[in-house]
Structure formats: C-alpha cells, structure tokens
Amino acid sequence: MQIGIAFTLKPEVPPAAGSPDDAHEEYDSPITVKAIGDVFRSLGHTVRELGDGRAFLEAVLREPPDLVFNFAEGSGISRSREARVPAVCEMLGIPYTGSDPLALAVSLDKDLTRKLAEAAGLNVPKGIVMRFPEAAYDGDFAEFAPVLAEAGIPLPAIAKPVCEGSSKGVRSKSLIKTAEELGPTVYSLWQDYRQPILVEEFISGDEVTVGITGNDPPQPLGIMRVIPKKPTEHFVYSLEVKRDYENCVDYEAPAKLPPEVTQAVLADALSVFDALGCRDVARADFRIRDGVPYFLEINPLPGLNPESGDLCYLAYRLGLTHADLVKSILDAAMKRYRMGTSQNPLPIGERVVRPANAGRTG
C-alpha cells in the first residue's frame with residue numbers, strides 16, 4: 001500500500017521580525033516525519049512525503065496515494081487551517097487518518113470547543129472571549145479591570161489565544177493575578193497573535209491528559225499526570241515548561257488518582273471525543289480541582305514527535321512503543337474505511353471505502 005504523509009515542517013529560519021518566538025511551535029521536525037515513515041516502511045508499505053499546502057495539492061493531484069496519514073497543522077492563523085488536508089482528501093476521495101474537517105476546525109477554536117463540551121455535560125472553567133479593534137488600542141486599560149468580576153470569573157485567571165495549539169501564547173506571563181493585569185496581558189497577546197483571546201478562571205490542581213485511540217467505540221489509552229518538580233501555588237503547564245520539561249516536570253502514567261476521579265476523567269474524555277466527532281486519535285487535557293475534572297481542550301492532531309510528544313510520553317509509560325502508537329492510529333483509520341489493517345491491507349479491488357463521514361448518525 002502507498003501511504004502519503006501530510007505534515008507541516010518547521011522552517012529552518014526563525015520567525016519573522018515582529019512575530020512571537022513560538023510562531024512555528026506547532027510545526028513538525030524531520031525527526032517526526034522520518035519516525036512515522038519508518039514505521040510504515042517496516043510494515044512493507046511505500047511511503048511518500050506529501051508535505052502541506054501547494055506541495056500537498058500538487059502531489060495528490062499528480063498521484064493520489066492509497067491513504068494519507070495526516071498530521072499537517074496548516075500555516076497561518078486561520079481557525080480552519082488544520083481542516084485543509086482532510087477537506088482536500090474528501091474532495092478527491094482519498095482515505096485519510098484522523099478527524100474530519102469539521103472536528104478539526106471546531107477543536108482548534110477553544111471557545112467553540114468549550115461550548116460543545118459544556119453542552120455534553122462536562123465541567124469547564126468560567127471564561128470570556130476578549131477582542132480588540134484592528135487599529136492600535138490607545139484606550140485606558142483601567143476600563144478592563146472590572147470585566148472579570150462582572151463576568152463572575154475569580155482571580156487568578158489565565159489568558160490564551162483562542163485558536164492556537166502547542167501551548168502557543170500560554171506563557172508564565174499569561175497568568176493574571178490582579179484585575180489591573182487583565183488589559184495589558186490580553187492586549188499583548190492580541191498584538192502577538194491577532195485573534196480573540198480566551199480568559200478563563202485558573203483551575204488549581206492536577207494537570208492531566210488523556211490519550212484516546214480507535215473508533216466504534218474509541219478506547220482511552222490512559223491518563224498521564226503532569227507533576228511540577230518545584231511545586232508552586234499556581235503551576236502553569238506553559239510553553240517555557242514544555243521547552244524545558246526535563247528540568248521542570250515529571251510525567252506519571254498511569255496517573256495515581258482516586259478510582260472515582262479516574263473514571264470521571266476517562267468518561268469526560270470519551271464524551272468530548274464523541275461530541276466533537278473525533279476519529280482515530282486525540283488527546284484531551286483536564287485540570288482536577290477537589291476531585292472534579294475541568295475540561296481545558298482536546299487535540300485531534302496530537303504531536304507524534306517520538307522525543308517530545310505528550311501522547312508519546314503517555315504511550316511509553318504504558319509500555320507501548322512509538323511504532324505501536326502510530327500503527328494503532330493507522331489501523332483505526334483502515335478499519336473505518338474497511339481497508340483491512342496496516343499489516344494486512346486488502347487489495348484495492350476488494351476494499352469498501354466508505355464516505356469520510358460514514359458511521360455517525362444524529
């Protein structure tokens with residue numbers, strides 16, 4: 001079988017002047033692309049590196065692969081950027097791994113995701129979305145001081161760009177401890193990312209992430225707890241921490257949580273996976289306060305870098321290899337399309353390739 005890999009490669013040059021230093025944070029390294037390709041080659045498949053954007057379009061139009069293994073993030077700041085590769089695959093009738101365009105577009109928008117999660121019965125932190133005019137703001141930041149109290153959001157709060165991933169914009173300075181810090185913090189983020197800013201109450205407690213793979217039904221891979229090596233009153237799993245994770249945090253999986261909390265977190269993760277229509281793989285993040293899980297976000301395109309991906313760390317601590325994880329994602333998609341499995345694909349003439357949105361009703 002010929003498998004095409006769709007990815008957005010991190011540029012070799014630093015972000016442009018005036019851009020935040022994490023502008024390329026979501027994009028993947030050649031290490032990830034090679035590691036995933038090596039898994040497929042070990043199974044006897046032919047691998048093509050398709051990239052993203054125009055290069056991807058030209059490649060699939062010239063020679064459509066049998067299946068696209070998608071982890072392309074898309075470039076720019078469009079909230080639909082992660083949906084581009086799946087949309088093209090659907091137009092051309094090419095099977096692909098992972099969630100469909102709608103699930104990817106919605107999940108990148110943290111505010112829309114919060115609303116769907118809350119409608120599905122999950123607890124979410126209290127929050128508001130703040131916007132600024134396109135022109136430079138020259139108002140008095142003091143006018144923002146009452147906003148959190150009026151919205152019923154207690155301090156401390158945390159601010160983050162509403163349509164970013166990989167902890168872009170989530171820094172130590174994102175924590176808002178006083179009402180007077182709200183305006184300057186949000187405006188600084190808006191200047192960097194040029195998109196609405198989500199401000200949520202800060203949930204003190206354990207930070208956990210849940211891996212999910214498969215379909216009909218999806219299965220939780222497990223729960224991993226992020227433990228700061230130097231406990232602080234308000235630990236933020238920020239980009240600074242992720243960049244220096246070896247010195248800043250420990251990862252515990254399976255997470256040592258009370259049985260009732262474990263069950264609650266797993267149930268909530270599966271509920272939001274289903275509510276957004278995710279497929280094949282995702283990673284959901286929560287904070288636990290007083291035994292109650294609060295949903296933060298879900299990532300249907302979780303990082304698969306064998307050296308730095310949270311989902312990979314979780315898999316390793318559960319006794320799985322990087323190859324095991326990648327194969328499980330591929331097999332989930334192949335079963336969904338009735339293509340056999342990664343090690344035993346059906347001949348083209350014997351496959352029943354369902355429409356990409358088949359299998360879900362209601």
Gly93 passes all but one of (1) touching a Lys or Arg at 6+ places or on another chain (Cβ under 9 Å); (2) open to solvent by 20 Å² or more (accessible area, probe 1.4 Å); (3) on the phi > 0 side of the Ramachandran plot; which number fails?
(1)
Just checking, how many residues over segment 238-268 are buried (at least 16 other Cβ atoms within 10 Å of the Cβ), under 21 Å from Asp290 (Cα atoms) and in contact with a helix residue (DSSP H, G or I) (Cβ under 9 Å, 6 or more places away or on another chain)?
6
Can you work out which of the residues in segment 289-317 that are in a strand (DSSP E or B) and touching a Leu at 6+ places or on another chain (Cβ under 7 Å) is surrounded by the most Cβ atoms within 10 Å (Cβ to Cβ)?
Ile298
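Going by the structure shown, is Pro65 over 15 Å from the mean Cα position of the chain (by Cα), in a loop (DSSP other than H, G, I, E, B) and either modelled with pLDDT under 95 or under 23 Å from Ile212 (Cα atoms) (or both)? Can you show your working first?
Details: over 15 Å from the mean Cα position of the chain (by Cα): yes; in a loop (DSSP other than H, G, I, E, B): yes; either modelled with pLDDT under 95 or under 23 Å from Ile212 (Cα atoms) (or both): no.
Spelling it out, it is not the case that Pro65 is over 15 Å from the mean Cα position of the chain (by Cα), in a loop (DSSP other than H, G, I, E, B) and either modelled with pLDDT under 95 or under 23 Å from Ile212 (Cα atoms) (or both).
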Across segment 166-178, the tally of residues that are crowded, with 17+ Cβ neighbours inside 10 Å and touching a Ser or Thr at 6+ places or on another chain (Cβ under 9 Å) stands at 6
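Looking at segment 173-189, can you tell me whether even one residue there is in contact with a strand residue (DSSP E or B) (Cβ under 8 Å, 6 or more places away or on another chain) and assigned to a loop (DSSP other than H, G, I, E, B)?
Looking for residues that are in contact with a strand residue (DSSP E or B) (Cβ under 8 Å, 6 or more places away or on another chain) and assigned to a loop (DSSP other than H, G, I, E, B), one finds none in segment 173-189, hence no.
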Of the residues in segment 195-215, those that are at positive phi and open to solvent by 20 Å² or more (accessible area, probe 1.4 Å) number 1
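Any residue in segment 179-194 that is charged (D, E, K, R) and either in contact with a Pro (Cβ under 8 Å, 6 or more places away or on another chain) or open to solvent by less than 10 Å² (accessible area, probe 1.4 Å) (or both)?
Keep residues of segment 179-194 that are charged (D, E, K, R), which gives 180-181, 192, 194.
Now restrict to residues that are either in contact with a Pro (Cβ under 8 Å, 6 or more places away or on another chain) or open to solvent by less than 10 Å² (accessible area, probe 1.4 Å) (or both): 192.
Checking segment 179-194: at least one residue is charged (D, E, K, R) and either in contact with a Pro (Cβ under 8 Å, 6 or more places away or on another chain) or open to solvent by less than 10 Å² (accessible area, probe 1.4 Å) (or both).
Considering only residues of segment 216-235 that are among the β-branched types (Val, Ile, Thr) and open to solvent by 20 Å² or more (accessible area, probe 1.4 Å), which is farthest from Ser271 (Cα to Cα)? Please lay out each step first, then the result.
At the first step, the residues of segment 216-235 found to be among the β-branched types (Val, Ile, Thr) are 223, 226-227, 232.
Within this subset, residues satisfying the condition of being open to solvent by 20 Å² or more (accessible area, probe 1.4 Å) are 227, 232.
Numbers: Ile227: 25, Thr232: 31 Å.
In this case the residue turns out to be Thr232.
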Answer yes or no as to whether Ala284 is modelled with pLDDT of 95 or more and either open to solvent by 20 Å² or more (accessible area, probe 1.4 Å) or touching an Asp or Glu at 6+ places or on another chain (Cβ under 8 Å) (or both).
yes
Check whether at least one residue in segment 36-57 is open to solvent by 40 Å² or more (accessible area, probe 1.4 Å), closer than 30 Å to Val162 by Cβ, among the β-branched types (Val, Ile, Thr) and not in a helix (DSSP H, G or I), and report yes or no.
no
May I ask you to list the residues in segment 1-23 that are closer than 18 Å to Ala83 by Cα and not β-branched (Val, Ile, Thr)?
Gly4, Ala6, Phe7, Leu9
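The values are calculated or read from the model by the stated rules, or taken from the named source; none is laboratory data. Computed from a predicted model, the values in this text were never measured in an experiment. Every residue, glycine among them, receives a Cβ derived from its backbone with ideal geometry; neighbour counts consider all protein chains shown. Protein only, heavy atoms only, side chains kept; ligands, DNA and RNA dropped before computing areas. Shrake-Rupley method; radii C 1.70, N 1.55, O 1.52, S 1.80 Å.
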